[in-house]
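Asker: Sending over a structure as structure tokens; questions will come in a sec.
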Amino acid sequence: MFVVNGKTYKSLAELARDAGIPYNRAYKRRQRGFSDYEIFFGKPKVKKPSPSKKEITKGKIVIINNKTYPSIKAAYEYFQPKASYNTVKHRILILKWTIEEAFEVKNRSKLRKRRKKNNKKNGYIVDGVMYVSIKELHIAFKQPYYLIYNRIKNGVDCY
């Protein structure tokens, strides 16, 4: 026997039919310990209190040449670099450039990523024998050309 708002139902199937819900849903609600009213209408939703409106600071505070800007966008509008806003943001947040370099206030140092090149104009000396080119080394030592080339490129000395 189920009682909802003064109306009595003989079976759960009858209650589900009147509520307009599938029998399986009513059965599961009963298994979970819902009251007759909750089986019929569902559990009431509890309203969460809305968070108090605080002053939200948008963006990252940017300091360039001892002048503070409230966000990257404000600094971008002030400096107007050649790069787009998305590019500047990507430089700062992803590539970890300094703020000055990202806004093109200061030139980016190109020495950071540059690899030392082994400029051997005179050739390569291996075991006291002079080889003019990598091809000569490849023929003399019967090693693959790419192997010798990559080792020299990565800074392995031929002495």
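Asker: How much mean residue ellipticity at 222 nm does the chain get from its helices, if each DSSP H run of length 4 or more adds -39500 (n - 2.57) and you divide by all residues, to the nearest 500 deg cm²/dmol? All intermediate terms of the calculation are to be shown ahead of the outcome.
Answerer: Numbers: 8 runs with 61 residues, N = 159.
Roughly -10000 deg cm²/dmol at 222 nm, from the helical runs in the chain.
Asker: What percentages make up the Cα-Cα pair-distance distribution of the range 56-114 when the bins are 10 Å wide from 0?
Answerer: Histogramming the range 56-114 at 10 Å steps yields 22, 57, 18, 2, 0 percent.
Asker: Working from the alpha-carbon coordinates of the chain, get Rg over Rh, Rh being the Kirkwood radius. Present the calculation step by step, with values, prior to reporting the outcome.
Answerer: Numbers: Rg = 37.4 Å, Rh = 24.5 Å.
My calculation puts Rg/Rh at 1.53.
Asker: Starting from 0.36 nm per residue, how many nanometres of slack lie between residue 41 and residue 8 once their C-alpha separation is accounted for?
Answerer: Working: separation 33, 0.36 × 33 = 11.88 nm, distance 1.51 nm.
Gain in length upon complete extension: 10.4 nm.
Asker: May I pose another question? Pop the C-beta distance of residue 122 and residue 87 into the FRET formula with R0 = 41 Å and round what comes out to the nearest 0.05. Don't skip to the end; give the middle numbers.
Answerer: Details: r = 43 Å, r/R0 = 1.05.
With a Förster radius of 41 Å, E is 0.40.
Asker: Going through the cross-link list 82/106; 67/106; 96/153; 10/45, which pairs have a Cα-Cα distance over 21 Å in this structure? Working shown, then result.
Answerer: Working: 82/106 13 Å; 67/106 15 Å; 96/153 28 Å; 10/45 28 Å.
Correct reply: 96/153; 10/45.
Asker: Could I ask something else about it? Which trypsin sites (Lys or Arg not before Pro) in the range 1-35 sit in a loop by DSSP (not H, G, I, E or B) and have at most 14 other Cβ atoms within 10 Å of their own Cβ?
Answerer: Working: sites: 7, 10, 17, 25, 28, 29, 30, 32; in loops: 10, 32.
Filter output for the range 1-35: 10, 32.
Asker: Further question on the same structure: Projecting each Cα onto the charge dipole of the chain (Lys/Arg +1, Asp/Glu -1 at the beta carbon, about the Cα centre), which of 78, 4, 150 comes out farthest on the positive side?
Answerer: After comparing all options, I get 78.
Asker: A further question on this structure: Charges only on Cβ, +1 for Lys and Arg, -1 for Asp and Glu: so what's the dipole of the chain about the Cα centre, in debye to the nearest 20?
Answerer: On the way: 37 positive and 12 negative charges, 33 e Å.
The dipole of the chain has a size of about 160 debye.
Asker: If you don't mind, there's one more thing I want to ask. How far apart, in nm, are two points set 7 Å out from the Cα along the Cα-to-Cβ line at residue 147 and at residue 31?
Answerer: Result: 6.7 nm between the two label points.
Asker: At most 16 other Cβ atoms within 10 Å plus a DSSP loop assignment makes a site exposed; report the longest stretch of the chain without any exposed GluC sites (Glu not before Pro). Walk me through the intermediate numbers first.
Answerer: Working: sites that count: 55, 104.
That would be 105-159.
Laboratory data are not the source of any read-out in this text; all were calculated from the coordinates shown. Small disclaimer: the values here were computed from a predicted structure and weren't measured. Don't worry about glycine lacking a Cβ; one is built from the backbone with ideal geometry, like all the others, and counts go over all protein chains shown.
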